[in-house]
Amino acid sequence: MNFFKRFFSKNKTLIQCPRCLGKGHVDQDDIKRLRQELKWRPGKCAYCNGKGEVESDMISKVAVDEAYLATNLSQTERERLINRDFRALERMREFNAETDQIIEEIKELHFVRKLDVEQITRLYLQSTPGLGPENYFERKRELMEYISKVIAHTK
Ligand SMILES: [Zn+2]
């Protein structure tokens, strides 16, 4: 960052975070409002980093409803994304494409191929080799929960 950028960044206007509306955390209402039911879970707001406020130019850098910018993203990757790092943007696109593909796949397996939640879960578990028994049951529970959510959300 050059001198002027750093100097003037101190004078940047802070605005209420448009994702969490100033609360510092994202709840079910925010998730619904931003239509991220299948992509986010409630928790600390990754958009404002829990501060409730963002610099006014944040909105032009990362979309308020960007699914990739969630709490499970590391601080370094968050910074890279805000600075529009080329590789971070690539990872973001890849992540979003993969997420959308999985959601579409689940819908097809259920609504077209008529598989139930249990059967779809088994398919995904088979494609995840090397899960220990402990991880297996945890993973299975999470998968079933998520697959049910996708199906319920589509209805
Ligand atoms: Zn926020």
- [ ] Express in nm, to one decimal, how much length is gained between Arg122 and Lys12 on full extension, taking 0.36 nm for each residue of separation and deducting their alpha carbon distance.
- [x] 34.5 nm
Open item on the list: Quick check on the exposure proxy: order Val54, Val150 from fewest to most C-beta atoms within 10 angstrom.
Closed with: Val150, Val54
Open item on the list: At a 10 Å Cβ-Cβ cut-off, how would you order Leu38, Leu14, fewest neighbours first?
Closed with: Leu14, Leu38
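Can you flag which of Lys23/Lys149; Lys107/Lys149; Lys32/Lys114; Lys12/Lys44; Lys39/Lys155 are past 19 Å Cα-Cα? Mind showing how you got there, number by number?
Numbers: Lys23/Lys149 26 Å; Lys107/Lys149 11 Å; Lys32/Lys114 27 Å; Lys12/Lys44 23 Å; Lys39/Lys155 17 Å.
The pairs that break the limit, which is 19 Å between Cα atoms, are Lys23/Lys149; Lys32/Lys114; Lys12/Lys44.
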Task: Extended-chain gain in nm, criterion 0.36 nm per residue less alpha-carbon gap, Thr154 and Arg141 - done: 2.7 nm
Task: Size of region 1-84 as Cα extents on the principal axes (Å, biggest first) - done: 42, 22, 18
Task: Convex hull volume per residue in cubic angstrom - Cα atoms of the chain - done: 134 Å³
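Shape of region 93-155 from its Cα gyration tensor (a ≥ b ≥ c, root eigenvalues): rounded if a/c is under 1.5, otherwise prolate when a/b > b/c, or oblate?
Values: a/c = 1.89, a/b = 1.32, b/c = 1.43.
Cα axes put region 93-155 in the oblate bin.
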- [ ] Evaluate the relative contact order of the chain (contact order divided by residue number), counting alpha-carbon pairs under 8 angstrom at least 6 apart; express in whole percent.
- [x] 17 percent
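Read-outs: derived from the displayed coordinates by stated rules, not from any lab. Keep in mind that this is a model prediction, so the values were computed, not measured. Note that we place each Cβ from the backbone using ideal geometry, even for glycine, and neighbour counts take in every protein chain shown.
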